[in-house]
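Notes follow the structure.
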Amino acid sequence: MGPEEEIAELKRQVERLALFHEVGKALFSTLDLQKILQTIMEKISDLLQPDTWSLLMMDEKTQDLYFEIAIGTGADRLRDVRLKLGEGVAGWVAQHGEPVLIEDARNDTRFTPKVDELMHTEVRSIVCVPIKARGHVLGVIELVNALGKPSFGVEDIPILKSLADYAAIALENARYVQRIHELTITDDCTALYNARHLNFVLDTEIYRSNRYGYEFSVIFIDLDHFKQVNDAHGHLVGSKLLWMIGDLIKGNLRLIDYAFRYGGDEFVVLLPQTSKESSLVVVRRIRELLTSRVFFTDEKLNIKVTASFGVAAFPGDGRTRKELLRKADEAMYLVKNTTRNNIALAGQGIVN
């Protein structure tokens, strides 16, 4: 190797060190996953100069790949594209967990024209590496067509693998932070949101409804004679029953609604953009489902449960979190201290 080649190689090594430094700095200075991934992909683009580059993520539920980031020729057409495991080069890499360098895509059986046709460009060379953590593929990084040269080279793969490792760390960190967040706002017994998160959501909904002139309703639900279930069948059955009832409540709400375990055998439901009168449709449905359901039939316990419901609405019954919860609670206690298994509206009494 002559002096000029040595200088060129040294320059390339310095560029790579600077690249890893920038990516490492992004990784440890922020928890913003999108920002980290964008930084990684931009550095890849700067160093290897592909015509099109993309980061595909694995959908855990459907086990197919979708384009999380796509930049370059025809990239805007890829945003709604999904690849099955094993489909195309990216699908093959995700399935086998191994990097691939293809110098002539047209003569490789793993290449699929599906993406090629959408991009409206001729795919010549491809380099693709998996993003792996703990032996599982989380996604892939794919580069198409090296600018200014016929193909990518084998020397590009180690760099991409190192950057894919950074992406894997960022993804694992993001999932860990998300899980910790879920644990802090979720009730252990029912998997509904907890009372702490209720306070946050209520304050947010009050702000939003004030700004846009919306109504919303709060439903207090207290199970009738639930102590008798614990006394007769034990706390394990009682805890499982709370989970079943929480699941029943959550399963009969809209996607924009919220369900919380307030404590003990009490639940709270928040219905955004819903008047007190309109909320009755939801409350009656939950009440009817609860009264018609027999729990633990397989175990021959045949437990039936009813509940007392109280409803208050913003802004008519209160403009603060404490006022709304107090009014809904008072309405619920009106039912609990009289008929039970019924519904009361704040300021209006029992509605039946």
- Considering segment 341-352, residues that are at pLDDT 95 or above and of a type outside the set (A, V, I, L, M, F, W, C), and then whichever is surrounded by the most Cβ atoms within 10 Å (Cβ to Cβ), we arrive at ASN342
- Task: Sort through GLU288, GLU299, GLU330 and tell me the only one that's touching a strand residue (DSSP E or B) at 6+ places or on another chain (Cβ under 8 Å) and farther than 14 Å from LEU223 by Cβ.
- Result: GLU330
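Taking LEU236 as the residue in question, decide whether it is assigned to a helix (DSSP H, G or I), of a type in the set (A, V, I, L, M), under 30 Å from GLY316 (Cα atoms) and at pLDDT 90 or above.
So LEU236 does not fit the description; no.
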- Sole residue being aliphatic (A, V, I, L, M), assigned by TED's automatic domain parsing to the domain that holds ALA164 and touching a residue at least 40 places away in the same chain (Cβ under 8 Å), chosen from ALA133, ALA105, ALA90: ALA90
- Task: Could you check, for segment 216-225, whether at least one of its residues is in the same structural domain as VAL311 (by TED's automatic domain parsing), under 20 Å from the mean Cα position of the chain (by Cα) and more than 30 Å from VAL127 (Cβ to Cβ)?
- Result: no
- Note on the structure: Only one of (1) farther than 23 Å from GLY238 by Cβ; (2) without any contact (Cβ under 8 Å) to a residue 60 or more places away in the chain does not apply to THR291, and that is (1)
- Message: Please determine whether any residue of segment 267-277 is on the phi < 0 side of the Ramachandran plot, under 29 Å from the mean Cα position of the chain (by Cα) and of a type in the set (Lys, Arg).
- Response: no
- Message: Can you say whether ALA174 is surrounded by fewer than 17 Cβ atoms within 10 Å (Cβ to Cβ), outside the structural domain of ALA307 (by TED's automatic domain parsing) and not in a loop (DSSP other than H, G, I, E, B), as far as the supplied structure shows?
- Response: yes
- Message: All but one of (1) among the acidic types (Asp, Glu); (2) over 19 Å from THR186 (Cβ atoms); (3) modelled with pLDDT under 95 hold for ASP257; state the number of the condition that does not hold.
- Response: (2)
- Note on the structure: TYR262 fails exactly one of (1) of a type in the set (Ser, Thr, Tyr); (2) within 19 Å of PHE226 (Cβ to Cβ); (3) out of contact with any strand residue (DSSP E or B) (no Cβ under 6 Å at 6 or more places or on another chain), namely (3)
- Query: Which residue pairs have Cβ atoms closer than 6 Å, lie 6 or more positions apart in sequence or on different chains, and pair a first residue in segment 325-349 that is closer than 17 Å to ARG284 by Cα with a second residue that is aromatic (Phe, Trp, Tyr)?
  - Reply: ALA328/PHE220; MET332/PHE220; ILE343/PHE309
- Message: When you scan segment 64-72, do you find a residue that is modelled with pLDDT of 85 or more, surrounded by fewer than 18 Cβ atoms within 10 Å (Cβ to Cβ), among the aromatic types (Phe, Trp, Tyr) and within 28 Å of the chain's Cα centre (by Cα), even just one?
- Response: yes
- Item | Filtered residue count, segment 218-252, keeping only those that are closer than 18 Å to LEU301 by Cα and of a type in the set (Val, Ile, Thr) | 3
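Take segment 203-255 and flag every residue that is touching a Ser or Thr at 6+ places or on another chain (Cβ under 6 Å) and more than 20 Å from THR291 (Cβ to Cβ).
Correct list: GLU215, PHE216, SER217.
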- Of these, ALA94, ALA90, which one is modelled with pLDDT of 90 or more and within 20 Å of GLY72 (Cα to Cα)? ALA90
- Message: Quick check on segment 36-46. Is at least one of its residues closer than 27 Å to ILE169 by Cβ and small (Gly, Ala, Ser)?
- Response: yes
- When you look at ILE245, is it touching an Asp or Glu at 6+ places or on another chain (Cβ under 9 Å), part of a helix (DSSP H, G or I) and surrounded by 20 or more Cβ atoms within 10 Å (Cβ to Cβ), yes or no? yes
- Qualifying residue in segment 324-339 (condition: buried (at least 23 other Cβ atoms within 10 Å of the Cβ), within 17 Å of ARG208 (Cβ to Cβ) and modelled with pLDDT of 95 or more): yes
- Consider only pairs whose beta carbons are under 7 Å apart and that are at least six residues apart or on different chains; among these, list those whose first residue lies in segment 45-58 and is farther than 18 Å from PRO158 by Cα and assigned to a strand (DSSP E or B) and whose second residue is at pLDDT 80 or above and among the charged types (D, E, K, R). LEU56/GLU68; LEU56/GLU142; MET57/GLU68
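The values are calculated or read from the model by the stated rules, or taken from the named source; none is laboratory data. Computed from a prediction, not measured in an experiment: that's the story for all the values here. Please note: Cβ atoms are built from the backbone with ideal geometry, for glycine as well, and neighbour counts cover all protein chains shown.
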